[in-house]
1. For region 103-124: of the residues being out of contact with any Phe, Trp or Tyr (no Cβ under 6 Å at 6 or more places or on another chain) and either among the small types (Gly, Ala, Ser) or assigned to a strand (DSSP E or B) (or both), which is surrounded by the fewest Cβ atoms within 10 Å (Cβ to Cβ)?
2. Filter region 153-174 down to residues that are surrounded by 13 or more Cβ atoms within 10 Å (Cβ to Cβ) and among the hydrophobic types (A, V, I, L, M, F, W, C) and give me whichever is farthest from the chain's Cα centre (by Cα).
3. When both residues are 6+ apart or on different chains and their Cβ atoms are under 8 Å apart, which pairs have a first residue that lies in region 80-92 and is within 19 Å of Trp319 (Cβ to Cβ), and a second that is part of a helix (DSSP H, G or I) and among the small types (Gly, Ala, Ser)?
4. Restricting to region 68-93, what's the tally of residues that are of a type in the set (A, V, I, L, M, F, W, C) and either part of a loop (DSSP other than H, G, I, E, B) or not assigned by TED's automatic domain parsing to the domain that holds Ile40 (or both)?
5. What are the residues in region 278-331 that are assigned to a helix (DSSP H, G or I), within 30 Å of His189 (Cβ to Cβ) and acidic (Asp, Glu), if any?
Amino acid sequence: MTRPPTRRAAAVVALALAAAGLGSPAAFAQGAADYPSKPIRIIVPFSPGGAVDGPMRAIAEQMGRRLKQQVIVENRPGAGATIGSEVVAKAPADGYTLLLASQTNAISATLYSKLSFNPVEDFTGIALIGREPGVLVVHPSMPVNSVAELVALAKAKPGQINYGSSGNGSGQHLFTAMFASMAGIQLVHVPYRGSGQATTDLLAGTVPMAIPGTAAMVKHIKAGKLRPLATTGSKRSQQLPDVPTLAESGLAGYSAYVWMGLLAPKGTPQAIVDRLNGEVRAALATPEVQTYMNDAGIEMVGSAPAEMDTYFREERERWARIVRETGAKID
């Protein structure tokens, strides 16, 4: 028969749990009640000025006002979002270090096989914030005005047309790889370290085509610096209502979105996760954030934590299938 633990043994276990940060529910509740007692850091694993960086900064400003603490946005780009994500995965699960995730994080879970953390399972969802379609754009020097013309040109010049992306394993990379696979064409991937330089070279014509997020491209399209051929969503973009979707342009079933969601390290107390979820939703309801998101063409979501968890895992499986089907790899 197993003997019950002695008082001394129970005390040792309690001390061990406390040292590991695994205290009692009452301790968790007390910690959540005092939360936040210091600034919160949100790691954006992408370069400044990208499709999800600006929206997160607008939301963080509103969260900081409500929480009466600084909510600091810190960019840690590189390696398919894995550099910044690793920082958060290995941070204390106390709600003070958070991660802004996107489809790139779900893609990296398959593309990067040798990581010291799990890009999906080492996190807990706070909220799916919003999403926007990508847009297939070409430099005006490209002699094409439609997806059909681009496909015909690529078939006439297999392996001779480059496309830029914000990095290996990024949404821009996989969105275009999926397009090329479905269209039956060969394109050459040119990865950059972030969307800033990728956009600069796209505007200069150094790379003639790309599929970045729509919001950041609208001003360049309206200025005539880029030519839009199609958007990647399941329906037309409100920002570019005259531009057809890729599904409408002959690639039936094509649908891909740039999305943004807030995550915390696995093991973060549920009370803190719920508090942060409420603050994200409150920020999305402010006129300032709504105006920003509407102007950027971002569809706001504001999901529950469990819904974010489910969505993240579904995206991982979806992009794992695309990686297998397209043969996409880290260049």
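1. Among those that are out of contact with any Phe, Trp or Tyr (no Cβ under 6 Å at 6 or more places or on another chain) and either among the small types (Gly, Ala, Ser) or assigned to a strand (DSSP E or B) (or both), it is Ser113.
2. Step one: of region 153-174, the residues surrounded by 13 or more Cβ atoms within 10 Å (Cβ to Cβ) are 153-154, 161-174.
When the remaining residues are screened for being among the hydrophobic types (A, V, I, L, M, F, W, C), the result is 153-154, 161, 174.
Values: Leu153: 32, Ala154: 29, Ile161: 27, Leu174: 13 Å.
Restricting to residues being surrounded by 13 or more Cβ atoms within 10 Å (Cβ to Cβ) and among the hydrophobic types (A, V, I, L, M, F, W, C), the top hit is Leu153.
3. From residues that are within 19 Å of Trp319 (Cβ to Cβ), the pairs are Gly80/Ser108; Ala81/Ser108; Thr82/Ser108; Ser85/Ser108.
4. Going through region 68-93, the residues of a type in the set (A, V, I, L, M, F, W, C) turn out to be 71-73, 79, 81, 83, 87-89, 91, 93.
Still in the list and also either part of a loop (DSSP other than H, G, I, E, B) or not assigned by TED's automatic domain parsing to the domain that holds Ile40 (or both): 79, 81, 91, 93.
Residues flagged as of a type in the set (A, V, I, L, M, F, W, C) and either part of a loop (DSSP other than H, G, I, E, B) or not assigned by TED's automatic domain parsing to the domain that holds Ile40 (or both) within region 68-93 amount to 4.
5. Of region 278-331, the ones assigned to a helix (DSSP H, G or I) are 278-284, 287-296, 305-326.
Next, from what is left, pick out any that are within 30 Å of His189 (Cβ to Cβ): 296, 308, 311-326.
Residues satisfying the conditions are Glu314, Glu315, Glu317, Glu325.
Residue by residue, here is whether (1) of a type in the set (Val, Ile, Thr); (2) at pLDDT 95 or above; (3) farther than 24 Å from Glu315 by Cβ; (4) assigned to a loop (DSSP other than H, G, I, E, B) holds:
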position: Ala27; (1), (2), (3), (4): no, no, yes, no
position: Gly31; (1), (2), (3), (4): no, no, yes, no
position: Pro36; (1), (2), (3), (4): no, yes, yes, yes
position: Gly49; (1), (2), (3), (4): no, no, no, yes
position: Ala60; (1), (2), (3), (4): no, yes, no, no
position: Arg65; (1), (2), (3), (4): no, yes, yes, no
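The values are calculated or read from the model by the stated rules, or taken from the named source; none is laboratory data. Bear in mind that the values here come from a model prediction, so they are computed numbers and not experimental data. Reconstructed Cβ throughout: ideal geometry from the backbone, glycine too, with neighbour counts over all protein chains shown.
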